[in-house]
Amino acid sequence: MARTLIVAGAQTGPVQRSDSRASVVRRLIDLMRQAHARGAQVVVFPELVLTTFFPRYWADNPAEMDSWFEREMPGPDTKPLFEEAVRLGVGFYLGYAELTEDGHHYNTSILVDKSGKIIAKYRKVHLPGHLEHLPEAPWQHLEKRYFEPGNLGFPVWRAFDANVGMCICNDRRWPETYRVMGLQDVEVVMLGYNTPTHLPWVSGYDNLSDFHNKLSMQAGAYQNSCFVVGVAKGGVEEGCDLLAGSVICAPSGEIIAQAATNGDEVITAALNLDMCAINKGATFNFGLHRRTEHYKLIVERTGAQPPAA
Ligand code: CDT
């Protein structure tokens, strides 16, 4: 009997500055119901989905941004989502801004099981953007200013009868993200993203945002013999166009489900988890083929250095 996990990606359209968390949660509940109606056992929501993408705004004092963060999870606004998950018997991945009791700020995702229990937490490691104010730019990307790099690494959990890992947005562009999880035998990587289709300070690749999105996730899936479920908050949010293009990638590297719109939309796939074993036992049998004695630079050196003249 094949091991099958039915997964949904619940892409959302934009969340404007004036949208309340309660109204966003109502949208998420609607998407969760659609996913459940299609048989989904677990639903993946986007990064920082409860609010507009607030790192686009400058604040002289970062503490002014604390109102965008969640101090408890679930809190009063998010509790209905947990309750609906329990009622339907589905799990979910949720991205949100976390403010800890001792004052740390993280870009976080959680995995919640069908009983509404938080079974896993991930804090974004690769924080993109800049620290300084760019007053000439139409918007900022201040993740480096408002968040600390995650301190939990890239764990893999046994959940939904599969080996499940999480990452967030920019993490998906880094092969290290998938490989660290691949080395823990990951079978499903879940991730949410907010990706502007135009980066004012380096616009040379704007026309390739969709290609680079898929390229990264398909390569991560293929090279680590796992499924990747990548879910966008897309559409025009406060004047900034966010890439949609949510996809589910198979261990073959192929896309097996893809969003057709840039709004609220559910995609689903029945993951045959046994597919992961094909290349975990062949081309990407790490134990047999990896040559770690030649990989030392990867952990010893951060920035690239050219060869000596
Ligand atoms: N949210 C996030 O990580 N977005 C980045 C794009 C911005 S880079 C300044 C991404 O990699 O999609």
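The values are calculated or read from the model by the stated rules, or taken from the named source; none is laboratory data. Worth saying up front: this structure is predicted, and the values here are computed from it rather than measured. Don't worry about glycine lacking a Cβ; one is built from the backbone with ideal geometry, like all the others, and counts go over all protein chains shown. Only protein heavy atoms, including side chains, enter the accessible area calculation; ligands, DNA and RNA are left aside. Shrake-Rupley method; radii C 1.70, N 1.55, O 1.52, S 1.80 Å.
Quick notes on this structure:
- Taking θ as phi - 60° and the Karplus parameters 6.51, -1.76 and 1.60, the scalar couplings of region 234-244 work out to x, x, 8, 10, 6, x, 10, 7, 9, 4, 8 Hz in sequence order, x denoting glycine and proline.
- Put simply, the Cα atoms of region 62-161 extend 48, 29, 29 Å along their principal axes, the longest span coming first.
- Glu148 contributes an accessible area of around 60 Å² to the protein surface, as traced by a 1.4 Å probe with all chains present.
- Rounded to whole Hz, the Karplus (6.51, -1.76, 1.60) HN-Hα couplings of region 180-192, x for glycine and proline: 4, 6, x, 6, 10, 6, 4, 10, 9, 9, 10, 7, x
- Surface accessible to a 1.4 Å probe, per residue, for the residues of region 4-300, Å²: 42
- Amide hydrogen neighbours beyond the local backbone of Val42, cut-off 5 Å, H modeled: Ala8, Gly91
- Shape of region 247-293, Cα gyration tensor, a/c cut at 1.5: prolate
- Accessible surface, 1.4 Å probe, highest first, among residues Glu300, Glu98, Glu83: Glu300, Glu83, Glu98
- With contacts taken as Cα pairs under 8 Å and at least 6 residues apart, the chain reaches a relative contact order of 21 percent.
- Val202/Arg3 FRET efficiency (R0 35 Å; Cβ-Cβ; nearest 0.05): 0.25
- Quotient of Cα Rg and 2.2 N^0.38 Å for the chain, N being how many residues it contains: 0.97
- Extension gain, Ser20 back to Lys114 (0.36 nm per residue minus Cα-Cα distance, nm): 31.3 nm
- Spatial separation of Cα centroids for region 236-272 and region 147-171, in angstrom: 19
- The mean sequence distance of close C-alpha pairs (under 8 Å, at least 6 residues apart), as a share of the length of region 1-153, puts its relative contact order at 21 percent.
- DSSP-defined antiparallel bridges as percent of all bridges, region 1-149, nearest 5: 65
- The accessible surface of region 27-157, taken with every protein chain in place and a 1.4 Å probe, is 51 percent carbon and sulfur.
- His36, His289, His141, His294, ranked by accessible area, largest first (probe 1.4 Å): His294, His289, His36, His141
- The overall shape of region 179-309 is oblate: from the C-alpha gyration tensor, with semi-axes ordered a ≥ b ≥ c, the ratio a/c is 1.5 or greater and a/b is no larger than b/c.
- Remark: spin-label model distance Glu83-Arg291 equals 6.0 nm, labels positioned 7 Å along the Cα→Cβ axis.
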